[in-house]
Amino acid sequence: MRDVVLVGFPMDLGADRRGVNMGPSALRIAGIAQRLRELGYRVQDRGDLSISTHEVAELYNPQMKYLPEIVRACRELADTVANILAEGAFPLLLGGDHSLSIGSIAGIARWCRQQGKRLGIFWIDAHGDLNTPDSSPSGNIHGMPLAIVLGFGPAELTHMAGFSPMVETADVVVLGVRSLDPGERQLIARIGLRVYTMQTIDQRGLYSVAVEAVQYLRQRVDHLHVSFDVDVLDPSIARGVGTPVPGGLSYRELHLLMETIAERGGAHSLDVVEVNPILDERNASAVVAAEMVASLMGKRIL
């Protein structure tokens, strides 16, 4: 797909720390569209969805904070993404917190089912995002999206595509994890989710893990969606994220991961989430994220 459509999702209701709602603007300022145009893509920016802020949104429930507005915004995003795919274009969604992926994957899953395609998810993140309202220590929905698309959580979200789960457990790979809550560990063990932690990457090397993960998904699915949380990087490289965790991927490791995905068929849709310019210095994290997106979309050294 040579046509790329950018959509901003300026959501920070899924998190306690403010500022990630400015992520779409930070990524645009970092030149994400121009980098793709230089690779030969036709890029259209359709602006941001309109999303309420903490000051006016309804808290609703301490274990599912701001659920009504998150449901409304994610439904709009799901429709937007499904329409972009129907146009034959590549949806590139700019967050915003990781609750974005509930809406993007709902739209992709609906479109894949209509087209008879099998959806696979490559979840690149420092966190599992596998909490449920019962297991979450905070009630923040940005810690729940992967559980939700796998069918665990409030029905208003789990059934957003019109069915649940939106993706089968066997068609999901998680990479870069180094922070899990007890309930997330239990869910991973119970459902047999394929997770490559930072310990595994340290032991085996990034390239070996990346090739294995990408080949596994490529053998199974028709549509590969990448959900890229910038906090997968070590905070020394990307400090402008809401929930930094030490010990993350290096700059070159993440480039290599993105290059490996591109070399083996590439992705068909992409989320970029959790850039928080308030916590950053001179927009450096958004610049790094834009560079990583360019590698995923085919940029090479030679």
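General remarks:
- Filtered residue count, the range 246-301, keeping only those that are surrounded by fewer than 23 Cβ atoms within 10 Å (Cβ to Cβ), of a type in the set (D, E, K, R) and under 18 Å from residue 236 (Cβ atoms): 6
- Restricting the range 75-107 to residues that are over 15 Å from residue 272 (Cβ atoms) and among the hydrophobic types (A, V, I, L, M, F, W, C), the residue that is surrounded by the most Cβ atoms within 10 Å (Cβ to Cβ): 102
- Restricting the search to strands (runs of 3 or more DSSP E) fully inside the range 1-120 and requiring at least 1 residues that are touching a Pro at 6+ places or on another chain (Cβ under 9 Å) and without any contact (Cβ under 8 Å) to a residue 60 or more places away in the chain gives 42-48.
- Yes/no for residue 269 being under 29 Å from residue 82 (Cα atoms), modelled with pLDDT of 95 or more and among the polar types (S, T, N, Q): yes
- Taken together, the residues in the range 270-288 that are closer than 17 Å to residue 48 by Cβ, assigned to a helix (DSSP H, G or I) and in contact with a strand residue (DSSP E or B) (Cβ under 9 Å, 6 or more places away or on another chain) amount to 1.
- When residues of the range 199-229 are limited to those that are hydrophobic (A, V, I, L, M, F, W, C) and closer than 26 Å to residue 153 by Cβ, the one surrounded by the most Cβ atoms within 10 Å (Cβ to Cβ): 228
- A count restricted to the range 34-55 and to residues that are of a type in the set (Gly, Ala, Ser), at pLDDT 95 or above and either within 22 Å of residue 78 (Cβ to Cβ) or in contact with an Asp or Glu (Cβ under 6 Å, 6 or more places away or on another chain) (or both) stands at 2.
- Evaluation of residue 79 against (1) over 28 Å from residue 288 (Cα atoms); (2) at pLDDT below 95; (3) of a type in the set (D, E, K, R) (one fails), failing number: (2)
- Residue match in the range 224-241 (condition: at pLDDT 95 or above and touching a Lys or Arg at 6+ places or on another chain (Cβ under 7 Å)): no
- Count of residues meeting criterion [more than 20 Å from residue 7 (Cβ to Cβ) and either assigned to a helix (DSSP H, G or I) or in contact with a strand residue (DSSP E or B) (Cβ under 8 Å, 6 or more places away or on another chain) (or both)] in the range 260-269: 5
- Residues in the range 177-198 that are among the polar types (S, T, N, Q) and surrounded by 16 or more Cβ atoms within 10 Å (Cβ to Cβ): 179, 197.
- Total residues in the range 165-207 satisfying the condition of being assigned to a loop (DSSP other than H, G, I, E, B) and within 16 Å of the chain's Cα centre (by Cα): the figure is 2.
- All positions within the range 3-50 that are over 13 Å from residue 274 (Cβ atoms), crowded, with 21+ Cβ neighbours inside 10 Å and of a type in the set (Val, Ile, Thr): 4, 5, 7, 32
The values are calculated or read from the model by the stated rules, or taken from the named source; none is laboratory data. What you see is a predicted model, and the numbers here were worked out from it, not measured in a lab. Neighbour counts are summed over all protein chains in view; Cβ atoms, including those assigned to glycine, are modelled from backbone coordinates with ideal geometry.
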